[in-house]
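Chemist: This is the structure I have questions about; it appears just below.
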Amino acid sequence: DPFSEFPLHILANNNNYFELEKLLKLGAWGVDTVDPFQTTPVQIAIDKRHYRCLELLLQFNADINQKNGFGDSLVHLACRKGDGISLNILMRFNPNLLLKNILGEIPIFSSFHSSNRDLEKVMGSGRE
């Protein structure tokens, strides 16, 4: 199984917080490891809205400013999904809100694609 090399990804995908915490404490796998789909565990946690896993990965020093293959930062991803909860979690780890994706957009532009108008407030104040 090629995905056996990516246990953090699998645990983040399945929202298995306690096993994820155990593996992170062991430190045997890189928290920012990229899988064959070019995603990291923290990107999966945002996509699946697995908030406890997201926060745990960030506490274990996942790169808050990492980008996917399209140049989207974690904040871009949360904004595009209209996910204020993920955005609030991310804001606690001081992300760079001026990172541009390959289209030259900063995250606030990604929030315009969602129907959640509170996202701009969260990025402006750092909290909801």
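Chemist: For region 36-65, enumerate the residues that are buried (at least 17 other Cβ atoms within 10 Å of the Cβ) and either touching a Pro at 6+ places or on another chain (Cβ under 8 Å) or closer than 13 Å to L90 by Cβ (or both).
Modeler: Once the filter is applied, which keeps residues that are buried (at least 17 other Cβ atoms within 10 Å of the Cβ) and either touching a Pro at 6+ places or on another chain (Cβ under 8 Å) or closer than 13 Å to L90 by Cβ (or both), region 36-65 yields V42, Q43, A45, I46, Y51, C53, L54, E55, L57, L58, A62, I64.
Chemist: Separate question: Considering every residue within region 58-69, establish whether at least one is under 13 Å from the mean Cα position of the chain (by Cα) and assigned to a helix (DSSP H, G or I).
Modeler: Checked against the condition, which is being under 13 Å from the mean Cα position of the chain (by Cα) and assigned to a helix (DSSP H, G or I), region 58-69 yields at least one hit.
Chemist: For region 1-32, which positions are open to solvent by 50 Å² or more (accessible area, probe 1.4 Å) and not in a helix (DSSP H, G or I)?
Modeler: Result: D1, N14, N15, N16, G27, A28, W29, D32.
Chemist: Hey, G84 hits all of (1) surrounded by 15 or more Cβ atoms within 10 Å (Cβ to Cβ); (2) modelled with pLDDT of 95 or more; (3) under 17 Å from H50 (Cα atoms) but one; which does it fall short on?
Modeler: G84 satisfies all of (1) surrounded by 15 or more Cβ atoms within 10 Å (Cβ to Cβ); (2) modelled with pLDDT of 95 or more; (3) under 17 Å from H50 (Cα atoms) except (2).
The values are calculated or read from the model by the stated rules, or taken from the named source; none is laboratory data. From a predicted model like this one, the values you see are computed outputs, not experimental measurements. Don't worry about glycine lacking a Cβ; one is built from the backbone with ideal geometry, like all the others, and counts go over all protein chains shown. Each accessible area value is taken on the protein alone, full model and side chains, heavy atoms only, with ligands, DNA and RNA left out. Shrake-Rupley method; radii C 1.70, N 1.55, O 1.52, S 1.80 Å.
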